[in-house]
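*Asks:* My structure is below; once you've seen it, I'll send some questions.
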Amino acid sequence: MTQTPETLCHALLDAARKAGADSADAMAAEGSSLSIEVRDGTLEHAERSEGVDIGLRVFVGQRQAQVSSSDTRAETLTAMAERAVAMAKEAPEDPYAGLADVDQLAQNWDLAALQMADPSAEPAPDQLQQDALAAEAACAAIEGITQVQSAAAGYGRHDIHMAASNGFSGGYARTSRSISCVGIAGTGTGMERDYDGDTRTFQSDLRSADEIGHTAGTRAIERLNARRPKTGAYPVLFDERISSSLIGHLLGAANGAAVARGSSWLKDRLGAQILPETLSVIEDPFRPRVSGSRPFDGEGLPTQKRAIVENGVLTGWTMDLASARKLGLRSTGNAARGIGSVPSPSNWNIALTEGDKTRADLLRDMGTGLLVTSMIGSTINPNTGDYSRGASGFWVENGEIQYPVNEVTIAGNLLDMLKTLVPANDARGHLSRVVPSLLVEGMTLAGE
């Protein structure tokens, strides 16, 4: 038997049936990755990995168990199945566990339209090293850069297949290509760092290493001589680099698993206005060459384009089969899983409606306030939506950037924050989360 991911999945299912499972699903992934790091013009670290991982989930009545391994020998598959069935027999019953019905399964998907894998050859290690060196050199050439902390380039390919005893069988390949750079400016306690990077499905879409290194160095220089602003209430502009985190909090609260547990600050707001009426949040898993695209979810259900928020109104939850059953609803085709984990709800590609103003326009409109370009730490109350995060960026007065800022905490409540969002028009369309810079009125800043 040729041990492709597909044949491994079906071998696991056969072993599960012989071991006494009532039903089962299996997942196999064959992958390779190569990463190169340089420092001071020489190779610092090179790593290559290749391997196959397999996972099996079995059901005995309403009891389930999950096992995984990287050993694909026939005797291992048998032992995995026997162990999984034994574990399932001892597991507590879960009335919501189980595979999808046959009429729910994805069929006739078009992988070619999604362009999830670059057909060109894997880059040679020398090519990755040259990219990393070029990024490092471009960063180091910026006046005021005292050190390039890291410059790296990488490539990965993964072939994934899933199969289940309900008749589902499907798989796909995915590639990624990346360059990143971190620059440090200043010395001693006055050192500041910043970064830039790019990750794409297709090599031909990747930004140049020179541009990435230059941007990382420029950003680090801009952060020198940072101060702390005065404590008070001010508007805050979330830069496009980090604005998707706000929408991420919304998506987390609209996750069916959180709603089913009762631990979501949106649990009582289905059908309510949570964003300005001009804004929608659209999930689209069919965008070509984007990392979040996929034809089916981790339970074999078809993915779908849908509005999570439409014209400001929360329209539904993000659900896998289990959370949908708990809520008395139908899965939205959003089950995500790993080789060693059971499915759970997750979002695919997300886009927030853009505005008609530039980031400079929003800076002008905010007058005096904070432009946030990076954040650390997070304190989010999942039940109330109370929000507090450490932030750094730039202080703005009279609509113009005055000086860099660090060691400041921004706080508010997500329900109030989201209702005041004003989007710019600067979102990067190739990202899995397409979210522009976002202006939020009246947040509390804790500074000096």
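The values are calculated or read from the model by the stated rules, or taken from the named source; none is laboratory data. Everything numeric in this text was worked out from a predicted model, so none of it was measured. Glycine also receives a Cβ, built like all others from the backbone with ideal geometry; neighbour counts cover every protein chain displayed. These area figures cover heavy atoms from the full protein model, side chains too; ligands, DNA and RNA do not enter into them. Shrake-Rupley method; radii C 1.70, N 1.55, O 1.52, S 1.80 Å.
*Asks:* Where the centre of each part is set by its Cα atoms, how far does region 348-371 sit from region 276-317, in angstrom?
*Replies:* Here the answer is 22 Å between Cα centres.
*Asks:* Follow-up question, since we're still on this one. Could you work out what % of the accessible surface of region 286-329 is carbon and sulfur, using a 1.4 angstrom probe and leaving DNA, RNA and ligands out of the count?
*Replies:* Numbers: 780 of 1590 Å².
So the carbon and sulfur contribution to the accessible surface is 49 percent.
*Asks:* Using only the alpha-carbon atoms of region 276-338 as identical scatterers, what base-10 log of I(q)/I(0) does the Debye formula give at q = 0.13, 0.24 Å⁻¹?
*Replies:* The Cα Debye sum returns log10 ratios of -0.39, -1.03.
*Asks:* What stretch of the chain, leaving out the sites themselves, is the longest with no trypsin sites (Lys or Arg not before Pro) in a DSSP loop having at most 13 other Cβ atoms within 10 Å?
*Replies:* Numbers: sites that count: R73, K230, K305, R330, R428.
With a cap of 13 other Cβ atoms within 10 Å, the longest stretch comes to 74-229.
*Asks:* For a 24 Å ceiling on Cα separation, which of these pairs sit above it: K18/K89; K267/K419; K357/K419; K267/K357? Could the numbers behind the result be given before it?
*Replies:* Numbers: K18/K89 15 Å; K267/K419 17 Å; K357/K419 18 Å; K267/K357 33 Å.
As for pairs spanning more than 24 Å Cα to Cα, those are K267/K357.
*Asks:* Another question about this same structure. Take the Cα atoms of region 203-305, build their convex hull, and give its volume per residue in Å³. Let's see the in-between values first.
*Replies:* Numbers: hull volume 21.3 nm³, N = 103.
Roughly 207 Å³ of hull volume per residue.
*Asks:* Another question about this same structure. Test of understanding: what is the full-extension gain from D103 to R364, defined as 0.36 nm times their sequence separation minus their Cα-Cα distance?
*Replies:* 88.5 nm
*Asks:* Further question on the same structure: Taking every pair of distinct Cα atoms and averaging 1/r, then inverting, what Kirkwood hydrodynamic radius in Å comes out for region 359-408?
*Replies:* Values: mean 1/r = 0.0841 Å⁻¹.
11.9 Å is the Kirkwood radius here.
*Asks:* Over region 55-114, how many percent of alpha carbon pairs lie in each 5 Å bin up to the one with the longest distance?
*Replies:* Going from the shortest bin to the longest, the percentages are 4, 17, 19, 15, 14, 15, 11, 5, 1.
*Asks:* Give the cross-link partners of K326 among the aspartates and glutamates, using a straight C-alpha distance below 12 Å as the criterion and excluding same-chain residues fewer than 8 apart.
*Replies:* Within reach: D94.
*Asks:* Return, for the Cα atoms of region 185-256, the radius of gyration and Dmax in Å, separated by a comma.
*Replies:* So, for region 185-256, Rg and Dmax equal 17.0, 48 Å respectively.
*Asks:* Hey, another quick one. Pick out which of A121, A15, A86 has the largest mean-square fluctuation in a Gaussian network model of the chain, springs linking Cα atoms closer than 10 Å.
*Replies:* Sorting by GNM fluctuation, first place goes to A121.
*Asks:* From zero up to wherever the largest Cα-Cα distance of the chain sits, split into 10 Å bins and tell me the percent of pairs in each.
*Replies:* All Cα pairs considered, the percentages come to 4, 18, 24, 26, 19, 8, 1, 0.
*Asks:* Give me the accessible area of E30, 1.4 Å probe, in Å² rounded to the nearest 10.
*Replies:* About 80 Å², ignoring ligands and nucleic acids.
*Asks:* List every DSSP H helix in the chain whose Cα atoms extend 18 Å or more along the helix's own long axis and whose mean Kyte-Doolittle hydropathy is at least -1.0.
*Replies:* Values: long enough: 5-19 (21 Å, 0.01); 74-90 (25 Å, 0.14); 125-140 (22 Å, -0.11); 209-222 (20 Å, -0.43).
Span-like helices, by this rule, are 5-19, 74-90, 125-140, 209-222.
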